[in-house]
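A.B. asks: The structure's right below; bear with me while I get my questions together.
The values are calculated or read from the model by the stated rules, or taken from the named source; none is laboratory data. Here the structure is a predicted model, which means the values were calculated and not measured. Here Cβ is always computed from backbone atoms with ideal geometry, including for glycine, and neighbour counts include all displayed protein chains. Each accessible area value is taken on the protein alone, full model and side chains, heavy atoms only, with ligands, DNA and RNA left out. Shrake-Rupley method; radii C 1.70, N 1.55, O 1.52, S 1.80 Å.
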Amino acid sequence: MRRLWMSLLVVPVIAVAGATAASASPSAPAARVMPAARMGPAARMGPAATARALQPGMSGAAVKTLQRRLAALKYYPGSIDGRFGTNTLEAVWAFEEVQGLPAHDYVTSAMQRALAHPRAPKVLVPHGGANRVEVSLSREVLVLYHNNQVELISHVSTGGDYYYCSNGGCAYAVTPTGNYRTVVFLPGWVTVPLGEMYNPVFFIGTAFAIHGDTDVPLAPVSHGCVRIPMDIAAFFHKLVTVPGEPVYIR
């Protein structure tokens, strides 16, 4: 597993921070029987879904229907291919986080009901600009707006709020709240003193970034950067203006 890094800027002292990526996300639990529920066509997962919860490793028409619904709501389940892989699971997490549902490694009956009448992501900065990025630390969700319309919703993993020490000193792993703007994009894997990050889009100097990582668990585990799934990091930088796109962290 690749490692995540970040540098914490403390005035007047600069402390360089980084971390080894946390352990991988928990494996999917055994399938569970889900009660049948009346739903609209958009949320209906197909006959198999009423007997067995959709989860990683499954494939078929019900999974494809789930993927199409998530994509229509601006989540990113990866290719609409009917295969429940990591990309689809991360989209499921993001949807559950936005809906205020407990996150699971499978599609719960509550999530199926929510797919019929989903709530929109909570707007963090109503007058933050037509094009902007909002990161909710409480929900671990990133929302990208273009022309005041949601263009992308992603699960993230932010600062874990633990105390750590490195060659640059000791600090708490915190993602700073505030109003920022994108500064610079660096392509590919960027190696730094304490790890690597993929396609980072920096929003505080070259210290804090929104970047891809091979490990983006449900828990906040980073040292302060905003981790996004690798599949989303592959194109995220193309959706934002660099430099200058507003980034709001709350």
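A.B. asks: Any residue in the range 17-39 that is within 18 Å of the chain's Cα centre (by Cα), surrounded by 15 or more Cβ atoms within 10 Å (Cβ to Cβ) and either at pLDDT 50 or above or not in a loop (DSSP other than H, G, I, E, B) (or both)?
C.D. replies: no
A.B. asks: Next up: Tell me whether the range 84-94 contains one or more residues that are of a type outside the set (Ser, Thr, Tyr), open to solvent by 50 Å² or more (accessible area, probe 1.4 Å) and modelled with pLDDT of 95 or more.
C.D. replies: yes
A.B. asks: Still on this structure, please answer the following. Determine which single condition Ile228 fails, assuming it passes every other condition in (1) aliphatic (A, V, I, L, M); (2) surrounded by 18 or more Cβ atoms within 10 Å (Cβ to Cβ); (3) more than 10 Å from the chain's Cα centre (by Cα).
C.D. replies: It is condition (3) that Ile228 fails.
A.B. asks: Say we look at the range 118-137 and pick out the residues that are open to solvent by 70 Å² or more (accessible area, probe 1.4 Å) and free of Cβ contacts under 8 Å to residues at least 12 places away in the same chain; which of these is nearest to Leu70 (Cα to Cα)?
C.D. replies: Per the stated criteria, the residue is Pro126.
A.B. asks: Hey, another quick one. Tell me, please, whether a residue that is within 28 Å of Ala103 (Cβ to Cβ), of a type in the set (Gly, Ala, Ser) and within 14 Å of the chain's Cα centre (by Cα) can be found in the range 189-208.
C.D. replies: Checked against the condition, which is being within 28 Å of Ala103 (Cβ to Cβ), of a type in the set (Gly, Ala, Ser) and within 14 Å of the chain's Cα centre (by Cα), the range 189-208 yields no hits at all.
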